[in-house]
Amino acid sequence: ERHVAARLSAELGVAVVTPKLRLAPEHPYPAALEDLEAAYAWLEDHGVGHPSPDARTVPPSRIGIFAESSGAALALAALHRRHAAGTRPPPCALALVSPWLDMTCSGGSFTVNGPHDPVMQRKRMLDMAAVYLGAASPTDPAASPLLAPAAAFAGLPPTLVHVGDTEVLLDDSITLQEKARSMGVQLELREWSHVLHSWHTFYPIMPKADAALKDISNFLRGHFENDK
């Protein structure tokens, strides 16, 4: 992901942080979620890119989140937990790419798009989910945030979702849009044709990856507030 982070940093003129998370199977759920929450809290408290790491805090109005595939589930679950705790405001914007938000893989697009998705297949994904979850249930909303009650989505910031129209994960994005909008959240879902799962990571060799990253940069830029 570093080449994507570098591209976003160059486009936006801001520091981009890529947290290092513990991975399964050595560290199953909720290790990665806890690591993401800790990294985000540190960023809020200390900032990044300053001469002294303790120079100042970074207001949420200056923080945006970009996450793709299973990372989108971690980001969404972390935001749900922050909203439930009610201690800190959300970031200014959230951008999700090909989000995998339901570890039960029960969306109808797994059937409809299964023959057309060359990357993600339900059986393989269920195997990966089992390794990630360990003893946890795939219906736990902290692991499958799409299964959380609609009220959990009320605390989301303005959100942009990119997904391919032939991905097995298409329904995850559609259901996310429905739940978020039911709570008054500004969420825009953009379906792309003739792309692969998480095609953004194919930048710079795929023109549509370049176009998609420009679109996300424009979205994030529009929500960053001037901190002067």
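Does the range 94-169 classify as rounded, prolate or oblate by the C-alpha gyration tensor (a ≥ b ≥ c root eigenvalues; a/c under 1.5 gives rounded; else a/b over b/c gives prolate, otherwise oblate)? Kindly include the intermediate steps, with their values, before the conclusion.
Values: a/c = 2.10, a/b = 1.15, b/c = 1.83.
Oblate, because a/c is 1.5 or more while a/b does not exceed b/c.
What is the calculated FRET efficiency for Ala135 to Trp42, with r their C-beta to C-beta distance and R₀ = 41 Å, to the nearest 0.05? Present the calculation step by step, with values, prior to reporting the outcome.
On the way: r = 28 Å, r/R0 = 0.69.
After rounding to 0.05, the efficiency reads 0.90.
What is the helix-to-structure angle for 70-85, meaning the angle in degrees between its Cα long axis and the longest Cα principal axis of the chain, kept from 0 to 90 and rounded to the nearest 10?
Taking Cα atoms only, the helix is inclined about 60 degrees.
Can you tell me the orientation of helix 31-46 relative to the chain, as the angle in degrees between its alpha-carbon axis and the longest Cα principal axis, to the nearest 10?
Value to nearest ten degrees: 20.
For the chain, what is the calculated [θ] at 222 nm in deg cm²/dmol (nearest 500), taking -39500 (n - 2.57) for each run of four or more DSSP H residues and dividing by its residue count? Could the numbers behind the result be given before it?
On the way: 7 runs with 89 residues, N = 228.
So the helix-based figure for the chain works out to -12500 deg cm²/dmol.
Tell me the angle of helix 122-133 to the major Cα principal axis of the chain, expressed in degrees between 0 and 90 and rounded to the nearest ten.
50
Distance from the Cα centre of the range 7-27 to that of the range 90-164, in angstrom?
First find each Cα centre; the distance between them is then 19 Å.
What number, in percent, do you get for the relative contact order of the chain if the mean sequence gap of Cα pairs under 8 Å and at least 6 apart is divided by its residue count?
Worked out over the chain, it gives 22 percent.
Which of (1) 19.5, 65; (2) 20.2, 69; (3) 17.0, 53 is the computed Rg and Dmax of the Cα atoms in Å for the structure on display?
Matching entry in (1) 19.5, 65; (2) 20.2, 69; (3) 17.0, 53: (3).
Pull out a ≥ b ≥ c, the square roots of the eigenvalues of the alpha-carbon gyration tensor of the range 1-125, then state rounded if a/c is under 1.5, prolate if not and a/b is larger than b/c, and oblate in the remaining case. Each step should come with its number before you reach the end.
Numbers: a/c = 2.12, a/b = 1.74, b/c = 1.22.
Here the range 1-125 falls in the prolate category.
If I model a spin label as a point 7 Å beyond the Cα along the Cα-Cβ vector, how far apart are those points for Met128 and Met206 in nm?
Placing both labels 7 Å along Cα→Cβ, they lie 1.4 nm apart.
Placing +1 at every Lys and Arg Cβ and -1 at every Asp and Glu Cβ, with all other atoms neutral, what dipole size does the chain have around its Cα centre, in debye to the nearest 20?
Numbers: 19 positive and 25 negative charges, 56 e Å.
Roughly 260 debye for the chain.
Pulled fully out, how much extra length does the chain show between Val119 and Arg181, if you take 0.36 nm times their separation in residues and subtract their Cα-Cα distance?
Gain in length upon complete extension: 19.4 nm.
Please label the shape of the range 120-208 as rounded, prolate or oblate, based on the square roots a ≥ b ≥ c of the eigenvalues of the alpha-carbon gyration tensor (a/c under 1.5 means rounded; beyond that, a/b larger than b/c means prolate, else oblate). Kindly include the intermediate steps, with their values, before the conclusion.
Numbers: a/c = 2.24, a/b = 1.10, b/c = 2.04.
Here the range 120-208 falls in the oblate category.
Along its principal axes, what span do the Cα atoms of the range 119-162 show, with the longest given first and each in whole Å?
32, 26, 12
Residue farthest toward the positive end of the dipole of the chain, with Cβ of Lys/Arg at +1 and Asp/Glu at -1: which of Leu23, Ala41, Pro145?
Result: Ala41.
Any read-out appearing in this document is the output of simple, stated calculations on the displayed coordinates, not a laboratory observation. All figures in this text were calculated on a predicted structure; none of them were measured in a lab. Every residue, glycine among them, receives a Cβ derived from its backbone with ideal geometry; neighbour counts consider all protein chains shown.
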